[in-house]
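What follows is a short report on a single structure.
Readers should treat all values here as calculations from the given coordinates under stated rules, not as data from a laboratory. Quick caveat, the model's predicted, so the values are computed rather than measured. Counting neighbours? That spans all protein chains shown, and the Cβs are built from the backbone with ideal geometry, glycine included.
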Amino acid sequence: MSLKHAVIRTADFFLPRLCAGCDRKLLPHYNIICPECSNSLALMHPSVLKTYYEELFSDWYCREFFSLYLFTDDSPVRNIIHKLKYSGQRNTGPWLGSLLKKRIAEISPDFKADIIVPTPIHNVKKIERGYNQSMEIARAFTERGDVLVSDDLIKKLRQTESQTHKNFEERRKNIRNTFGITKRGLELIPDKNILIVDDVITTGATTRELISVLSEAGAASVSVATVAVTE
Ligand SMILES: [Zn+2]
C-alpha cells in the first residue's frame, strides 16, 4: 500500500468518504465516485451533442458546443452536481472539469481557447455557497499555462427569477441585461477565443445571453462546454 493510500485509509476510518454519485462508502483507491457509478455514467454521443447544439445554439455565435452527460433523474450525474452546488463538495468541480477537458480533446482535437469564462453567478449566491461551481469546474483548464481562466471578466449584475414556469418570451426578458463586462474584460476579451464553462444547461437562455455579451465585447469566437444538459 502506498503512503498516499495509507493516509487516505486512516482518514477514511475517522471520516468516511462517500461516493458523490450514490453516497456509498468509497474505497481508498477510488476518487470522487465508485466504479459502479463510473460505469453507469454514459458519455454523450457526438451525434446527440450535435442535436443539442442545433436546438440550443445554432442561431447564435456559438462556434462549438461540448457536454459530457445527459442530466436525467436516474443518472449519478444529478447527485454529483448536487454535491458540488448544494453540499459544499468543492473537489467534484475540478474532477468534472478534467473529464470535460479530456472529452473536448477527444471530440475536437484542434479546439483551442485563449480564455475560459465560468458562467457567472450573482455575488449573493457566491457568498451563500462559498464559491462559483462553474469556476471550480473551470479550474481544471488552468493546467496549461497558456490558457487564462478568469471569473472577473464578466459579472452577473442581478439575480434572475427562476426560469422554470416561464415561456420563451418571458425567459428572454427575464435574462436580458443580466451580465456586464468588467473593465478587465473589455481589455482582454477582444479578438480572443472564449470557452464558457458551465455545470448544467437547461433552457440555454443564460448561456445565449452570455454568448451575445461576449460577442459584443469583441470576442473572436465563443464556444460552450458544460458538464451536463437536461433532457
Ligand atoms: Zn457510487
Review point. Looking only at A138, A219, A105, which one moves most when the chain is put into a Gaussian network model with springs between Cα atoms under 10 Å?
Key: A105
Practice item. Could you list I137, I194, I121, I81 in order of exposure, starting from the residue whose Cβ has the fewest other Cβ atoms within 10 Å? Key: I121, I81, I194, I137
Practice item. Mind giving me the FRET efficiency for S212 and D73? R0 is 30 Å, r the Cβ-Cβ distance, nearest 0.05 is fine. Key: 0.45
Review point. For segment 41-230, with the dipole built from +1 on Lys and Arg beta-carbon atoms and -1 on Asp and Glu ones, taken about the Cα centre, which of P76, L148, I121 lies farthest toward the positive end?
Key: I121
Point to revise | Cα-projected label distance for V147 with L186, points at 7 Å along beta-carbon direction, nm | key: 2.9 nm
Study note, to complete from the structure: Contour minus Cα-Cα span, T230 to Y86, at 0.36 nm per residue, comes to 50.1 nm
Check your understanding: Of V149, V124, V213, which is the most mobile in a GNM of the chain whose springs link Cα atoms less than 10 angstrom apart?
Key -> V124
Practice item. Run a plain Debye calculation on segment 175-221 (Cα atoms as equal point scatterers, no solvent) and give log10 I(q)/I(0) at q = 0.18, 0.29 Å⁻¹, rounded to two decimals, same order as the q list. Key: -0.55, -1.15
Review point. Hey, got the dipole for segment 64-160? About the Cα centre, +1 on K and R Cβ, -1 on D and E Cβ, debye to the nearest 20?
Key: 420 debye
Point to revise | Phi to ³J(HN,Hα) by Karplus 6.51 cos²θ - 1.76 cosθ + 1.60 over segment 201-206, Hz, x for Gly, Pro | key: 10, 9, 7, x, 4, 4
Review point. Summing +1 for each Lys or Arg and -1 for each Asp or Glu, what net charge is found among the other residues whose Cβ lies under 10 Å from the Cβ of V229?
Key: -3
Study note, to complete from the structure: Fewest to most Cβ atoms within 10 Å: C37, C22 sort as C22, C37
Check your understanding: Which ordering of T119, T203 is given by a fewest-first count of other beta-carbon atoms within 10 Å?
Key -> T203, T119
**Study point:** Positive-end extreme of charge dipole, the chain - chosen from L15, S134, S38 (charges on Cβ)
**Key:** L15
Point to revise | Calculated FRET efficiency for the pair N193/L41, C-beta based, R₀ 30 Å, to 0.05 | key: 0.55
Point to revise | Cα point-scatterer Debye curve for segment 1-40, base-10 log of I(q)/I(0) at q = 0.16, 0.20, 0.24, 0.33 Å⁻¹ | key: -0.37, -0.55, -0.74, -1.07
Review point. GNM, the chain, Cα, under 10 Å: largest mean-square fluctuation among H29, H45, H82?
Key: H29
Study note, to complete from the structure: Magnitude of the Cβ-charge dipole (Lys and Arg +1, Asp and Glu -1) of the chain about the Cα centre, nearest 20 debye, reported as 720 debye
**Study point:** Pairwise Cα inverse-distance average, inverted: Kirkwood Rh of the chain (Å)
**Key:** 18.6 Å
**Study point:** Those residues of segment 179-208 whose amide nitrogen sits under 11 Å from the label point placed on E55, 7 Å along Cα→Cβ
**Key:** 202-204
Exercise for review: Could you give log10 I(q)/I(0) at q = 0.13, 0.14, 0.18 Å⁻¹ for segment 32-163, computed by the Debye formula over C-alpha point scatterers of equal weight, without solvent?
Suggested key: -0.64, -0.75, -1.28
